[in-house]
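Read through the structure below, which is laid out as structure tokens, and then see the notes.
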Amino acid sequence: MIGIAVIGYGHWGPNHVRNFSQLGGVRVVGAADLSTARLEAVRSVSPSIETSTDYHDYLARDDIKAIVVATPTATHYAIAKDALEAGKDVLCEKPMAVTFAQCEELTRLAEANGRVLMCGHVFLFNAGVRALRDYIVSGELGRIHYIHSERTNLGPIRSDVNAVYDLATHDISICSYLLAAHPVSATARGKDFIQEGIEDLAFISLSYPHDVLANLHVSWLNPRKVRQITVVGDKKMAIFNDMDPAEPIRLYDKGVIKESYYADFAEFKMMLHDSDILIPKIKMGEPLKEQSKYFVECLKSRRVELSDGAFSAGVVRTLEMVQQSMAENAAAEAAATGAAPARGGARG
């Protein structure tokens, strides 16, 4: 029986406690949070789980082998580092840390101490996203031209990080998972309409190897909740809609038939290939539960092949490129208009 402690009982902490408590081979021993009210909630739901306002109480415990970090982004690095140095395996919520350098240090520390380090990029355990990856890997879509992703809603609005670190982290991890690579460059524009210095909106363009483009739109300031990814290949196209659990994937047998010559525009239009739309049957489970199961498997096998430290560091490196591009574009705009440059880049 592997003992686990969950650090942070805010938004995701209760879900981690619930999922790990339902799995065999592991036991949630303790939960830590600075809020006594949240710890009271733990005791009311799970009286057998110990509670503490100081996570250090669990680091010296021999009966606790793994730590789940579900605290605000700015605290991930320090808590994960303390846990790894104490000889604990770690599952850390996304993003793994604020900076690429911090992620690299955590990865090196885990390797040096023989510890498991995994980041909670939960969409890598989504059945719809995995089906999309299968279509790409199998060649069903052909050569990938581009990916377009939308992740918008009216809120929830955070003050600890901006919409890039909150929302785009998901889409960057998904795109990098689908393409089995990290971006080589990024350009982005962001705006802080609601809170000064904290971008609530961003338009991001990423360049991946093999001339693949990814365009991301993330926003806390949108009238409609959208969670959709479009993948366009030279053979077929696919759409993943996370808001439609019954039919999350649609595969479009559409494309352009390249011809060296056509007589007129009417003939050109006839060369557009437009055939069937396939809606595959996909069994959608709870991605967080699948992630929890995988982490337990990693604890037993002592290796992580999905969402490991190196992958998670690549995601944060991309976030840093996006932040830098937003800052540069904001400064250029301010210089052109004579306005004071906007303060941006709240990351945690």
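Since every read-out is calculated from the coordinates, none of them should be taken as a lab result. Not measured: the values here are computed from a predicted model. Note: ideal-geometry Cβ built from the backbone for every residue, glycine included; neighbour counts use all protein chains shown.
With only alpha-carbon atoms counted, please give the Rg and Dmax of segment 124-285, in Å.
Cα-based Rg and Dmax for segment 124-285 come out at 17.6, 59 Å.
Go through 315-325, 89-99 and give me the packing order, highest mean Cβ count within 10 Å leading.
Sorting 315-325, 89-99 by mean packing, highest first, produces 89-99, 315-325.
Quick one: work out the % antiparallel among DSSP beta bridges in the chain, nearest 5.
60 percent
So for the chain, Kirkwood radius off the Cα pairs, Stokes-Einstein at 10 °C and 1.306 mPa s: how many µm² s⁻¹?
73 µm²/s
Determine the relative contact order of segment 161-302: mean sequence separation of Cα pairs under 8 Å and six or more apart, normalised by residue count, in whole percent.
Details: 197 pairs, mean separation 19.8, N = 142.
Reported relative contact order: 14 percent.
Roughly how big is segment 134-268's charge dipole about its Cα centre, with Cβ charges of +1 (Lys, Arg) and -1 (Asp, Glu), in debye to the nearest 20?
60 debye
Normalised by the number of residues in segment 1-99, what is the relative contact order in percent for Cα pairs under 8 Å and 6+ residues apart?
29 percent
Normalised by the number of residues in the chain, what is the relative contact order in percent for Cα pairs under 8 Å and 6+ residues apart? The partial results should precede the final answer.
Numbers: 735 pairs, mean separation 64.9, N = 348.
Computed over the chain, the figure is 19 percent.
What number, rounded to the nearest 500 deg cm²/dmol, is the helix-based mean residue ellipticity at 222 nm of the chain, given -39500 (n - 2.57) per DSSP H run of at least four residues and division by all its residues?
Details: 10 runs with 119 residues, N = 348.
Roughly -10500 deg cm²/dmol at 222 nm, from the helical runs in the chain.
Cα atoms only, segment 1-67: Rg and Dmax in Å?
Spelled out, the Cα radius of gyration and Dmax of segment 1-67 are 10.7, 29 Å.
Take the alpha-carbon centre of segment 288-324, take the same for segment 110-169, and report the distance between them in whole Å.
After rounding, the separation between the Cα centres reads 10 Å.
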